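Beneath this line is the structure, given in structure tokens, with notes to follow.
Derivation of every value follows stated rules applied to the coordinates shown; laboratory data play no part. All values reported here derive from a predicted model rather than from experimental measurement. Note that we place each Cβ from the backbone using ideal geometry, even for glycine, and neighbour counts take in every protein chain shown.
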Amino acid sequence: MKTYEEVADKAGLKGLTRSRFLVYMSRRWGDLQDEAIKCQVGYASEWAERFLSGIEYNCSDNVGQSVLKDIDK
């Protein structure tokens, strides 16, 4: 997998959860080269699972929580 969309699809993310995951990942790590690396090494998949389980806030640092709060406005 090379894109966050491919990761989301493989993880089974749907609807709002999928959209939130894609926005979060692109805001945190949106560089295309960085995206490919995060997808290939499994880091993006870890985040997809966190979103699927609803624990993305708990697993995020302060910057990530700020991004999530902005997304969830």
- Query: When the dipole is taken about the Cα centre of the stretch 4-71, and only Lys, Arg (+1) and Asp, Glu (-1) are charged at their Cβ, what size is it in debye, to the nearest 20?
  - Reply: 240 debye
- Query: trypsin sites (Lys or Arg not before Pro) within the stretch 1-58: which are DSSP loop residues with at most 16 other Cβ atoms inside 10 Å?
  - Reply: Lys2, Lys14
- Neighbourhood net charge (11 Å Cβ-Cβ; Lys/Arg +1, Asp/Glu -1) for Cys59: -3
- In deg cm²/dmol and to the nearest 500, what is the mean residue ellipticity at 222 nm of the chain if only DSSP H runs of at least 4 residues count, each as -39500 (n - 2.57), divided by the residue total? -22000 deg cm²/dmol
